[in-house]
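Read-outs throughout are calculated quantities, based only on the coordinates presented, and are distinct from any laboratory measurement. Only a predicted model underlies this, so the values are computations on that prediction, with no experimental measurement involved. Reconstructed Cβ throughout: ideal geometry from the backbone, glycine too, with neighbour counts over all protein chains shown.
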Amino acid sequence: MSEFPTQRLDEFIADGSVLLGRGDVISKDDIEAHPGPYPIYSSSAHNNGKFGEYGKFMFDEELITWSVDGGGYFFYRPKHKYSVTNVCGYMRLRGEKLHPKFVYYSLVNQHRYLTFDYTSKAHPSVIKKQYWLPTIAREQQQKIAAILTCVDTSIEKTEALIAKYQQIKAGLMHDLFTRGVTADGKLRPPREQAPELYQETPIGWIPKEWEVAELKSEIGIAHGFAFSGEYFSDTPPGEVLLTPGNFHRDGGLYFTVENTKYFQGPIPPATVLPNGEMVTVMTDLSPQTLILGRFAIVETPFFLLHNQRIGRVMLKRKDRWDWSYLCYALNDERVRRKIIVEATGTTVRHTSPLRILGNRVARPHLEEQRRSIEVIRSIERRLVEEQASLLKSKQEKLGLMTDLLTGQVRVKGS
């Protein structure tokens, strides 16, 4: 409940303070015919709504845009040359009554409590009756917007730091699985600098101390259990059923309200996956085959059930592999590419234990595997710290938005 006086958005439209509009149809043919550097924004909530680039532009001014078809998300557009497509709306503010950034934050704060989708769309005629704006002095609006902008700047810096660490990790992973770590904790020199340290193998150049291991000699992979669909549920109670949708495209497992399935029927004991088990995806419904052949180690505060579309990995020789290192080695893009190439199906892609086990991987000595894992974990710890900081900042921002934009907390000097 706002402690500020408010007006509905259509009242601001009526007095000329706000103008709502829709973007234009911009086809792929248009983009190809007029290449250029100016961004096109569309209905996606991702990547700041950017759809592509164009040689023409519709606007060179400060506006607020929103996705009509993509959930009604709002975006603040500072002054620059850009276009918006027909599945976007735009809001132009006139006069000095409303501060653009303040209006943007007010709309974003209210959007949290509204639902738009592909059946209930955020048309201009709809949103003008669902959003309200405080009628407070522009100076006060500006101060509130400045505070929230500072918070956003801090969040963006943390996001940039996370992206940097992720890039460092990706490069480090490549080096660790092609060059490895010597006893002094340093990466071997690259082959271009020290060719005498490397040997050529069927899977490429690897350090001379390493060997090429055939997966069929190292691991086994077991199919899961065909659970009866009549006992499936999207809500508790029940045990969580591990499905391909729980595998993240960037590695690991994740569980949300949307992707978690529960099983409420009788459970064979052998189908329970305790923590520490390694699993892999053998069926992939994603159009770009983003998860097929991904491996992950189960680390959850609850038991998982081993579904038939998931493979369970069993190690044959524990004295040859560090479990975590093996998981990283199996996730190497060279292994995944071979799994994808050999998969069957068109819309739905399938692999099998036999096809996966036909791969080969490079195997360092166990001590070197453990050194590599320590290096990986050191960068992952930094990532976890920054991701926790980011989550905390975003949660604090939500509380601050509610306090400031409804007048529950007043800005000093307002």
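Laid out as a table, the results:
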item	result
Among 196, 156, 396, residue whose mean-square fluctuation peaks in a GNM of the chain (springs only between Cα atoms under 10 Å)	196
Loop sites in the range 55-116: GluC sites (Glu not before Pro), DSSP, at most 12 other Cβ within 10 Å	96
Listed residues 133, 217, 362: farthest to the positive end of the dipole of the chain (Cβ charges)	133
Residues of type lysines that residue 186 reaches as a straight line, Cα spacing below 22 Å, ignoring anything fewer than 8 places off in the same chain	164, 169, 208
Proxy reagent accessibility, fewest Cβ within 10 Å first, across 328, 41, 113	113, 328, 41
The chain, helix-only ellipticity at 222 nm - DSSP H runs n ≥ 4, -39,500 (n - 2.57), divided by all residues, nearest 500	-10000 deg cm²/dmol
Loop chymotrypsin sites (Phe, Trp or Tyr not before Pro), the range 257-303, which have at most 11 other Cβ atoms in a 10 Å radius of their Cβ (DSSP)	302
On Cα atoms only, tilt of 100-111 relative to the major axis of the chain in degrees	60 degrees
Residue of 401, 173, 58 that the Gaussian network model of the chain assigns the largest fluctuation, springs spanning Cα pairs under 10 Å	58
Rel. contact order, % - alpha carbon contacts under 8 angstrom, at least six apart, the chain	16 percent
Within the range 282-362, GluC sites (Glu not before Pro) in DSSP loop having at most 13 other beta-carbon neighbours inside 10 Å	299
Debye log10 I(q)/I(0) at q = 0.09, 0.10 Å⁻¹ for the chain, Cα point scatterers	-0.78, -0.91
Sorted by Cβ neighbour density within 10 Å, fewest at the top, the residues 206, 340, 310	340, 206, 310
Other-chain or far-sequence residues with amide H under 5 Å of residue 241's (modelled H)	261, 262, 263, 305
Using alpha-carbon coordinates, inclination of helix 138-176 to the longest axis of the chain, degrees	10 degrees
Neighbourhood net charge (10 Å Cβ-Cβ; Lys/Arg +1, Asp/Glu -1) for residue 101	-2
Electrostatic dipole magnitude of the chain [Cβ: Lys, Arg +1; Asp, Glu -1; Cα centre; debye, to 20]	180 debye
Per-residue Cβ neighbour rank within 10 angstrom, fewest leading, 346, 256, 280, 201	346, 256, 201, 280
HN-Hα J in Hz across the range 345-354 - Karplus 6.51, -1.76, 1.60, θ = phi - 60°, x for Gly and Pro	x, 10, 5, 10, 9, 10, 10, 8, x, 4
Under-5 Å amide H pairs with residue 199, H placed in peptide plane, nonlocal only	206, 208
Phi to ³J(HN,Hα) by Karplus 6.51 cos²θ - 1.76 cosθ + 1.60 over the range 226-234, Hz, x for Gly, Pro	7, 6, 6, x, 5, 9, 6, 8, 8
Entries in 50/79; 56/81; 143/394; 128/394; 157/394 that, when Cα-Cα distance is taken, lie over 18 Å	143/394; 128/394
Helix axis angle, 366-405 relative to the chain longest principal axis, alpha carbon, degrees	20 degrees
